[in-house]
Structures are given as C-alpha cells and as structure tokens.
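Please read the structure below before turning to the comments.
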Amino acid sequence: MRLILLGPPGAGKGTQAQRLVATHGLVQLSTGDMLRAAVNAGTPVGLRAKELMARGELVPDDVVVAIVSDRIDEPDAHKGFILDGFPRTVPQAHALDRMLREKGLKLDAVIELKVDEGILLKRIERRIAETKARGESLRADDDPQVLHRRLLAYRDQTAPLATYYQLQNVLRSVDGMAPIPEVSNAIDRVLKMRAGERAPPARPPAEKAPRQAEKPSKTSVPPPARKSAKAAASRPAGAKKPGAVVAKGRAKTKAPNAPAKTSKTKAKARNTAGRASAARKPPSRKSNRPRRLTKRH
C-alpha cells in the first residue's frame, strides 16, 4: 500500500501517519528525515544534498526524488509506505510519478485532510497555552505567525496537488476537523473502498459444457430442395431453370383420366359432320327427276 497524506500544517497528518504505520505495517517517509539519513549515510545523493544545504541553497527536485527512490528500494518499504511532506509541488508530483513508473509501482491513494485554516490557528494558540501551563518547551512550529506563513506557502504551492491527483482518480478527501478516532475510521473506509476498486472482478461460476449438438435429421431438407440447390450452384449465369421446362411440358400432356377415343367413335363423328355439311349446302338448280330415254328417229 503506497499512500500520500495531503493537508496544511496542523491538519493532523503526522498523527494519522503514525496510526497507519502501527495498523498496516507501513513505513512513514518524511522528506526531512530522508535527507538527514542520506547525509549521515554519505550516499552520493546525500553528499550532493549536503553541499547544497551548506551553501544555503534549496535542494532541487531531482535530488529529493533520488533520495525517495533510494529509500523505497530498502526492504522495509516493500510492504508499503506513506509519503509525509512530499511531494510539495506539482512538478515534484510529476517526477514522483515517473520514478514510480520506472519501478513498476503506482500510488494506491492520496488522502486529503480538509481543515478550516481559522480553526487551525485557534488550535495552535490553545496548544501553546496548554504546553506553557504544563511547563514544557514549545515546538518550533508552535507560533501563530509561523503557522500563518506556512499556511500561505501551502495554499500557493501544495494545494494544487489536490486537483492534480483528482484528475488521476486517486484523491480521497476526509474531514480533518473531526475528532481523531473519526478521522482514522474515515481513512480506513477510504482504504477499503480503494482496495475493492483495485480488486479484479469476481469470475462467474463455470458453466456446464454444452451438450453435443444433435445431428440434423435427413428429412430436415427435402431431397428436391437439395437437388435444386446443387443445380442452381452448377448452372451457369443466364441459364433458365429446368423447372420451367418441366412445367411447360406438363401443361401439354393430356389429362390421365380423359377417355381414349375409339375408331367407331371417330367414324360416327365424321358421318355426323358430313350430314351437317350436306344440310348446309344450297339445293342444286338441276332437277333430280330421272330423264326419259327417247329414241331418235
């Protein structure tokens, strides 16, 4: 689990980071602590940072990112870490993203503790009064004027990170003005939700193997249809269908039930036709009476 806690000074990031370390076994990575550890260890990056700080110069982003890269490569950070105080600017966030991609890693969540700056100033004043009443020494940041300057710097440099990580869909906001236990519970709910979003979707139960498809019945396609399909495939374009010729031939054939004409019937029909034609002929001009035969003298 790789997290970033965002919030202005006095929002309670340190308190929540310590609880997450104890609960989830994470490593809290503070920029100041990492710089001091690198300088004391005498690493190449630490020596470079030491020279810059000795001259009173700000440590550039590439040096800070290199220190963070070396730190998260250590075995105790393999389970996860919480970045505290880094990144502070959008360019540092870009550099952090590039470094994580090179390692095949990515952030799981960026949790923003939203607070009211006016209430923060009153909280600091109350804490200063309680610390003095106990006779304890004040911390360096227990100064309302110092806190006010730090809030202005946060607003100008670090607050834009909320928009940057919101566009990456990793930002989750929590009410930092609630009591500490409620803030802790809200952070735990955020982490559970993020874990559910990252989890792969559950696979549906395996379906039973489908039954072997039944063989099509031989009568599913009638033989004439199969023959016509094959004939259509083999017939050249423009050729007439054989069915039309067959239909035409069938039309010319005589009906099977018609009775056959016999020779007597044919003769009778001819005689009837002859009498009918003779009846229609006009009578001849010549007399049908028989002539008398006379002898010539």
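The values are calculated or read from the model by the stated rules, or taken from the named source; none is laboratory data. These figures come from a predicted structure and were not determined experimentally. Here the Cβ positions follow ideal geometry from the backbone for every residue, glycine too, while neighbour counts run over all protein chains shown. Heads up: the accessible areas ignore ligands, DNA and RNA and are worked out on the full protein's heavy atoms, side chains in. Shrake-Rupley method; radii C 1.70, N 1.55, O 1.52, S 1.80 Å.
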Number of Lys-Lys pairs in segment 54-162 under 24 Å by Cα, sequence gap 8 or more or different chains? 5
Of Leu113, Leu96, Leu5, whose Cα points farthest to the positive end of the dipole of segment 1-138 (charges on the beta-carbon: +1 Lys, Arg; -1 Asp, Glu; origin at the Cα centre)? Leu113
How much FRET efficiency would the formula 1/(1 + (r/R0)^6) give for Val190 and Val90, where r is the Cβ-Cβ distance and R0 is 25 Å, rounded to 0.05? 0.65
Label point at Leu105 placed 7 Å out along Cα→Cβ; residues across segment 32-57 whose backbone nitrogen lies under 20 Å: 32-39, 41, 43-46
Name the residues whose placed amide hydrogens come within less than 5 Å of the amide hydrogen of Val27, ignoring near sequence neighbours (fewer than 5 apart) on the same chain. Gly80, Phe81, Ile82
Once both labels are modelled 7 Å past Cα along the beta-carbon direction, what's the Leu167-Ala37 spacing in nm? 3.2
Please work out the average accessible area per residue across segment 28-138, using the 1.4 Å probe convention, and give it in Å². 57
Once amide H atoms are built 1.01 Å from N in the peptide plane, which residues 5 or more positions from Ala109, or in another chain, come under 5 Å H to H? Arg2, Ile4
What does the C-alpha gyration tensor say about the overall shape of segment 42-170? Classify as rounded when a/c is under 1.5, otherwise prolate if a/b is larger than b/c, or oblate. prolate
If R0 is 22 Å, what FRET efficiency do you get for His148 and Lys114 from their C-beta distance, rounded to 0.05? 0.75
Work out the FRET efficiency for Glu182 and His78 from their Cβ-Cβ distance, taking R0 = 30 Å, and round it to the nearest 0.05. 0.45
Of the accessible area of segment 1-147, computed with a 1.4 Å probe and all protein chains kept, carbon and sulfur make up a percent value of 52
